[in-house]
Amino acid sequence: MTLALSRKALSAIAERVDEAQTNGRSLTLPTEAHEGFDMACGYAVQDLLRDRWKVRGRRLVGYKAGLTSRAKMAQMKVDTPTFGFITADMAVPDGGICPTRLLSRPRVEPEIAFVLKPDIAAALRTEADVLAATDFIAPAIEIIDSRYADYKFDLPSVVADNSSSARYVIGGRPRRPAELDLRTIGIVVVQNGEVVGEAASGAVLGNPARTIIMLSQWLEDRGEALEGGSLILTGGACEAQLVSAGDSVCARFQDMGDVTVRFVEDV
Ligand code: 0L1
Ligand code: MG
């Protein structure tokens with residue numbers, strides 16, 4: 001595919017994104033700085049970012065999907081889900097501490113996470129395919145961090161920023177897929193003792209398993225395939241909440257337990 005920007009220009013953008021994500025700095029929108037910067041360019045930057053991280057020994061563990069619920073799309077004023085990749089070192093332990101010093105504008109959102117079995121079919125086309133390929137499902141909090149000022153961005157720019165990925169917490173009581181009705185899991189988000197978000201898991205595309213079907217198709221279209229053992233964050237079920245140092249967040253998932261994280265300036 002011919003891209004609107006040269007590889008050199010895309011590599012320079014990936015370097016800036018890397019620097020901003022590593023040091024908690026802000027970015028200018030690539031779409032404003034580079035005429036013709038489109039979704040294909042955004043994913044090309046993301047690929048280059050992934051290559052840079054692999055070279056530095058950061059281990060890829062799976063994917064995240066962003067903007068898979070109407071609430072999130074409305075909140076961010078966009079209309080298409082996006083994907084990003086996640087690494088092992090983005091994980092914060094359940095009940096653990098997340099330093100904010102190297103984050104720009106952290107927000108939290110409750111998500112249903114899937115972990116796939118080691119051996120899976122090449123393409124997952126139906127909900128039944130996804131459930132058959134799933135080892136377990138766990139409650140999660142994604143800590144997203146937009147590197148763009150005032151959360152004002154467009155889709156190609158968000159994609160270049162790895163779909164705002166930053167950290168994640170997996171916790172609660174992981175369950176086998178057959179034990180759950182993935183359309184109706186109640187979720188409540190509590191921040192500093194106050195309820196700040198409520199949703200049912202079906203807010204994510206009717207059933208978060210559908211995120212995995214979309215992800216599988218997207219990878220196939222790129223000539224890639226979902227790998228067995230992947231961890232997948234299926235997207236925030238309700239609006240994301242701003243957090244800062246001193247905050248405690250608990251996401252309570254019906255029949256799946258709680259996931260908690262505390263934010264501090266530094267450790
Ligand atoms: O996980 C997400 O929903 C991220 C989407 C990217 C836009 C945002 O920063 O909210
Ligand atoms: Mg998310």
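The values are calculated or read from the model by the stated rules, or taken from the named source; none is laboratory data. Predicted model, so just to flag it, every value in this text is computed and none were measured. Cβ sites come from the backbone with ideal geometry, for glycine too, and all protein chains shown count toward neighbours. These area figures cover heavy atoms from the full protein model, side chains too; ligands, DNA and RNA do not enter into them. Shrake-Rupley method; radii C 1.70, N 1.55, O 1.52, S 1.80 Å.
Structure values in brief
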{"item": "Single residue of region 50-102 satisfying the filter (among the small types (Gly, Ala, Ser) and touching a Leu at 6+ places or on another chain (Cβ under 7 Å)) that is farthest from Arg147 (Cα to Cα)", "result": "Gly62"}
{"item": "Qualifying residues in region 110-149 (those that are assigned to a strand (DSSP E or B) and of a type in the set (Val, Ile, Thr)) - the one nearest to Lys72 (Cα to Cα)", "result": "Ile144"}
{"item": "Which listed residue is within 18 Å of Lys72 (Cβ to Cβ), touching a Pro at 6+ places or on another chain (Cβ under 7 Å) and either hydroxyl-bearing (Ser, Thr, Tyr) or touching a residue at least 24 places away in the same chain (Cβ under 8 Å) (or both), from Ala240, Ala251", "result": "Ala251"}
{"item": "Matching residues in region 57-82 - criterion: being touching a strand residue (DSSP E or B) at 6+ places or on another chain (Cβ under 7 Å), part of a loop (DSSP other than H, G, I, E, B) and at positive phi", "result": "Leu67"}
{"item": "Which listed residue, of Ile97, Ile144, is of a type in the set (Val, Ile, Thr), over 19 Å from Ile212 (Cβ atoms) and more than 16 Å from ligand 2 (Cβ to nearest atom)", "result": "Ile97"}
{"item": "Residues within region 103-130 that are touching a Ser or Thr at 6+ places or on another chain (Cβ under 7 Å) and more than 25 Å from Ile185 (Cβ to Cβ), tallied", "result": "3"}
{"item": "In region 15-31, the residues that are in contact (Cβ under 8 Å) with a residue 40 or more places away in the chain and part of a helix (DSSP H, G or I)", "result": "Val17, Ala20, Gln21, Thr22, Asn23, Pro30, Thr31"}
{"item": "Selection within region 162-184 - away from ligand 2 (no atom under 16 Å from the Cβ), outside any strand (DSSP E or B) and buried (at least 17 other Cβ atoms within 10 Å of the Cβ)", "result": "Gly172, Pro177, Leu180, Leu182"}
{"item": "Unique residue being farther than 23 Å from Val259 by Cα and within 12 Å of ligand 1 (Cβ to nearest atom) when the list is Thr28, Thr80, Thr22, Thr68", "result": "Thr80"}
{"item": "Qualifying residue in region 117-126 (condition: crowded, with 16+ Cβ neighbours inside 10 Å, of a type outside the set (Phe, Trp, Tyr) and at pLDDT 95 or above)", "result": "yes"}
{"item": "Residue in region 1-21 that is farthest from Asp221 (Cα to Cα), counting only those that are open to solvent by 60 Å² or more (accessible area, probe 1.4 Å) and within 24 Å of the chain's Cα centre (by Cα)", "result": "Glu19"}
{"item": "Selection from region 97-109 of residues that are within 16 Å of ligand 1 (Cβ to nearest atom) and either in a strand (DSSP E or B) or among the aromatic types (Phe, Trp, Tyr) (or both)", "result": "Cys98, Pro106, Arg107, Val108, Glu109"}
{"item": "Breaking point among (1) of a type outside the set (A, V, I, L, M, F, W, C); (2) over 18 Å from the mean Cα position of the chain (by Cα); (3) part of a loop (DSSP other than H, G, I, E, B), for Lys54", "result": "(3)"}
{"item": "Members of region 216-243 that are within 16 Å of ligand 1 (Cβ to nearest atom) and in a loop (DSSP other than H, G, I, E, B)", "result": "Thr234, Gly235, Gly236, Ala237, Cys238, Glu239, Ala240, Val243"}
{"item": "Selected residue [under 27 Å from Thr260 (Cβ atoms), more than 16 Å from ligand 2 (Cβ to nearest atom) and touching a residue at least 60 places away in the same chain (Cβ under 8 Å)] from Val188, Val204, Val195", "result": "Val188"}
